[in-house]
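Worksheet for the structure shown next.
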Amino acid sequence: MFHYKVKAHPTMYNGVQYRSRLEARWAAFFDLAGWKHEYEPIDLPGWSPDFRVTFECGHSECGPDHTLLVEVKPFFDISQFEGHPCMRYAYGRSNGDAIPADASAAFGANPEVTFWEMAHGAGGGCDCVMNWVEFYGDKWRQAGNIVQWKPQAKAVQSNSEEKLSDAARDALTKLYNYRRSQGTK
Ligand SMILES: [Zn+2]
């Protein structure tokens, strides 16, 4: 149902093998942000979330932290998650079914493509990583360096300078992957 053409590269990070570099990058990002995370923690009917994450909340009306069940996909637009179970459990519930978390969440190709709805303080509502992680851009770049696939890193660096944005860098990496898969030298 949710097809995408980018080939996933299984990536090791901190002793765990992730199905894709993007998942490994999110794991590294969670560590940099101080979020607890667990890979493939649980099977729900019709959905096996990629992560359970827990992060502290200082609000007096909240518990000490919030928990999300997260789906990761290499999407650059949150609307691409439309119809996926990860968009279904606002406030941890859907048609009377509850999940063991504050909400289900969609995490895309970077922290600017994230979404969930949860209770927070006296209210809550639509939320995203940008609201919860300081300097999320720096941390995302750092996470990318930590899980960089070495041969590609060399190839990318030889053709570029630091000015490349993450999106441009990822596009370039994809191009290298495509070329590599086609056997182009
Ligand atoms: Zn809160």
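The numbers here are math on the coordinates, done by the rules we state, and not lab data. Please read all numbers here as calculations on a predicted model, not as lab measurements. Glycine also receives a Cβ, built like all others from the backbone with ideal geometry; neighbour counts cover every protein chain displayed.
In table form, for the structure just shown:
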{"quantity": "Gain on full stretching of the segment that runs from SER48 to GLN17 - 0.36 nm per residue minus C-alpha separation", "calculated": "9.5 nm"}
{"quantity": "Förster radius 35 Å - calculated FRET efficiency between ASN145 and ARG93, Cβ distance, rounded to 0.05", "calculated": "0.35"}
{"quantity": "Cα centroid separation, region 125-144 to region 88-124 (Å)", "calculated": "16 Å"}
